[in-house]
Structures are given as C-alpha cells and as structure tokens.
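Q: One structure, as structure tokens, below. Some questions next.
What follows is calculated from the coordinates using simple rules that are stated; it is not laboratory data. Please read these numbers as outputs of a predicted model, since none were measured by experiment. Glycine gets a Cβ as well: all are built from the backbone with ideal geometry, and neighbour counts include every protein chain shown.
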Amino acid sequence: MPNLTDRRQRLLQKLPPLDEVLRGSLVERLVRCGKQTCRCARGELHEAVYLSVTHRGGRTEQISLPRDLVGRVRHGIAIYSKWWEILERISAINRDLLREQRSRRLGGGVEDGAGKNTRRVRRARRRRTQ
Ligand SMILES: [Zn+2]
C-alpha cells in the first residue's frame, strides 16, 4: 500500500487544468419564446438549457445556453467537482499525516484510531484541572 505522501502526490497530478472551470449546474426547462405565431404558442414548448449558479445570500444567476455551448459548460462543471473531490481527499490525507506526526510527538506506541476521541476528551479534562 502506497504511503500517504505518495497518495497525495498522485492526487495532485490528477488535478485538471482550471482555465475552463465553472461552478453551477445545468438546468433544462421548457419555455415559450414569445412569438405569437410560433409552435410554442400552441403548447409545443422549446427546450432551453441554462447554467444555473447560486450565490451566497441565495441569489441565483442563470445563463441560457445555445446547444453548442452545453458540452463546454458540462466540462467546466466537471472540472469544478473534480477539484473539490481531490481537495477533500488531500485534506483527509493531511489529517492522517497530522495524526501520525502528532502521535510520534506524543511518544508513539499508541495507535491513533479508535482512541482519538477519548484522547481528546482526556486532554480537555486535564486542561480544565490545571
Ligand atoms: Zn417559440
């Protein structure tokens, strides 16, 4: 099994280029274009695709997409989620590294696994009695 820093390095190499990254999601909707003579006025609605982005505070921004841009937007969204996925995995590895380094400083011996919560409790208690 590869060690943690090797795994971290491999993940870093999997990061896709960021230049086309997009946050948001694709939304499909049936719409009327507004022309009285169009088929949509008789109920045959047009399919419209949007990039929908929700901002802090709840505001949502939507950009309608011509068909030929949908693939590029989908690609940009995939880059975004790939970065997040790798960020989370590296962050988890760094927590494991931190636990390793920490238990080495504390004199080693004790495997840091199931005991990590009880140790935190014990340390907190000790601090309180000082
Ligand atoms: Zn129409």
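Q: Rounded to the nearest whole Å³, what is the per residue volume of the convex hull around the Cα atoms of segment 41-109?
A: Taking the convex hull of the Cα positions in segment 41-109, it is 148 Å³ per residue.
Q: Using the 10 angstrom Cβ neighbour count as an exposure proxy, how do GLU44, GLU20 rank, fewest first?
A: Result, fewest neighbours first: GLU44, GLU20.
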